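All remarks here apply to the structure that follows.
A short reminder: the numbers here are calculations on the coordinates, not readings from a lab. Please read these numbers as outputs of a predicted model, since none were measured by experiment. So basically every Cβ, Gly included, is an ideal-geometry build from the backbone, and we count neighbours across all protein chains shown.
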Ligand code: AMP
């Protein structure tokens, strides 16, 4: 298994779980870009958002819910936050396992393309 996030899901690499259930793991980003920077990762390996339809409907719902649960747990649900998924080379995706960045804890600023 070469995938970094699969290894984190399998607990072969340590992480800081914020939310975990059957389908999803939400961890702290190792190089936070904002005061709060979390990553919501489906436990099933799919390369990017392009492949979201290959996740079960239950896993897709769980992924959406886990983002809100993690934001609530991190105390940023009311102040607001940004959710980003980078897709492929032009999207700046470094880890080819679908994940959502959850950024907040301070104003994240204008969206810069
Ligand atoms: P992306 O560029 O969208 O693929 O984002 C990959 C993210 O994974 C980056 O923000 C990295 O800081 C983060 N990352 C890389 N390795 C780890 C790790 N071991 N634990 C937590 N986050 C990581």
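Of note:
- The alpha carbon radius of gyration of the chain, expressed as a multiple of 2.2 N^0.38 Å, is 1.01.
- Over the chain, Cα pairs under 8 Å with separation of 6+ residues give a relative contact order of 30 percent.
- From most to least packed by mean Cβ count within 10 Å, the peptides 70-77, 34-41 give 34-41, 70-77.
- Region 1-40 and region 70-113: distance between their alpha carbon centers, rounded to Å: 14
- For region 1-49, the spread of Cα positions along the three principal axes, ordered from largest to smallest, is 30, 22, 20 Å.
- In the chain, the calculated helix contribution to ellipticity at 222 nm averages -6500 deg cm²/dmol per residue, counting -39,500 (n - 2.57) for every DSSP H run with n ≥ 4.
- Cα-based helix-to-principal-axis angle, 57-73 vs the chain, degrees rounded to 10: 30
- When peptides 54-62, 97-105 are ranked by their average number of other Cβ atoms within 10 Å per residue, the highest-first order is 97-105, 54-62.
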